[in-house]
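The values are calculated or read from the model by the stated rules, or taken from the named source; none is laboratory data. Only a predicted model underlies this, so the values are computations on that prediction, with no experimental measurement involved. Positions of Cβ are backbone-derived with ideal geometry, glycine not excepted, and every protein chain shown enters the neighbour counts.
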Amino acid sequence: MDMAGRPCTAAISRSRITSPTCQRHRGTPSVTDDRPVHGWELEDIARARNLRLEPGDAVCVYSGREAWQAANPERPYGRPFGMGPNERPGLHVSCLEFLRDHDVSVLVWDMLDHLPVGYDIPWAVHAALFAYGVALVDNALLEPLARACVEEQRDEFMLIVAPLVVVGGTGSPANPLAVF
């Protein structure tokens with residue numbers, strides 16, 4: 001988030017994280033259905049912010065979910081399926097190439113896959129789980145992190161994620177921590 005409170009951030013980590021923001025990059029409060037985050041945009045943000053991704057880094061992408069939800073109270077973000085069109089702002093399937101090319105190990109994001117995907121595939125960015133072995137931290141509250149990055153004047157930090165051990169489980173609640 002920039003000084004004007006605009007979202008869309010990405011961050012990176014080995015034992016550090018970088019947080020490029022779409023809001024800071026776009027100058028808008030959030031991404032929208034018709035303008036999802038694209039892989040080329042993450043590349044542009046990293047280049048503009050002089051962020052160097054290395055294999056194993058984590059990437060945090062702040063898309064302004066809280067601002068989007070406040071502007072769209074009748075559309076609960078977590079329930080895109082059901083009656084009506086399956087539409088949701090978020091990360092475009094082109095972000096998969098960005099994750100693969102940079103050998104990202106963890107994606108922390110406040111929004112999910114942009115819907116509709118636009119291709120005849122059931123998963124978009126969630127495919128990073130099984131295609132590239134990327135761990136996902138879905139629905140993260142990244143607005144405070146984006147603010148802290150602005151206050152600290154940096155986009156790199158140590159990310160700590162300690163999920164519960166669930167035998168046979170495929171997911172776990174977690175409380176990720178960023179340490180500057």
Quiz item: Tell me, which residue of region 136-180 that is of a type in the set (Asp, Glu) and in contact (Cβ under 8 Å) with a residue 24 or more places away in the chain is nearest to residue 99 (Cα to Cα)?
Solution: 138
Quiz item: Can you tell me which of 46, 10, 4 is modelled with pLDDT under 90, surrounded by 18 or more Cβ atoms within 10 Å (Cβ to Cβ) and not in a helix (DSSP H, G or I)?
Solution: 10
Exercise. Name the residue, out of 103, 110, that is under 18 Å from residue 88 (Cα atoms), touching a residue at least 40 places away in the same chain (Cβ under 8 Å), among the charged types (D, E, K, R) and surrounded by 14 or more Cβ atoms within 10 Å (Cβ to Cβ).
Key: 110
Exercise. Could you grab me the full set of residues in region 103-127 that are of a type in the set (Val, Ile, Thr) and closer than 16 Å to residue 60 by Cα?
Key: 104, 106, 108, 125
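Being under 24 Å from residue 52 (Cα atoms), of a type in the set (Phe, Trp, Tyr) and outside any loop (DSSP other than H, G, I, E, B) is the requirement here; does residue 130 meet it?
no
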Quiz item: For residue 75, are the conditions met, namely being closer than 22 Å to residue 51 by Cα and either assigned to a loop (DSSP other than H, G, I, E, B) or at pLDDT below 90 (or both)?
Solution: no
Exercise. Go through region 26-42 residue by residue and tally those that are of a type outside the set (Gly, Ala, Ser) and touching a Leu at 6+ places or on another chain (Cβ under 9 Å).
Key: 6
Practice problem: Go through (1) in contact with an Asp or Glu (Cβ under 8 Å, 6 or more places away or on another chain); (2) aliphatic (A, V, I, L, M); (3) within 23 Å of residue 177 (Cβ to Cβ) and name the single condition residue 93 misses. | Solution: (3)
Exercise. Collect the residues in region 157-180 that are surrounded by 11 or more Cβ atoms within 10 Å (Cβ to Cβ) and aliphatic (A, V, I, L, M), keeping them in residue-number order.
Key: 158, 159, 160, 161, 174, 177, 178
Self-check item: Condition broken by residue 84, with the remaining ones in (1) modelled with pLDDT under 90; (2) touching a Gly at 6+ places or on another chain (Cβ under 8 Å) satisfied
Solution: (2)
Exercise. Report whether or not residue 134 is under 16 Å from the mean Cα position of the chain (by Cα) and of a type in the set (Val, Ile, Thr).
Key: yes
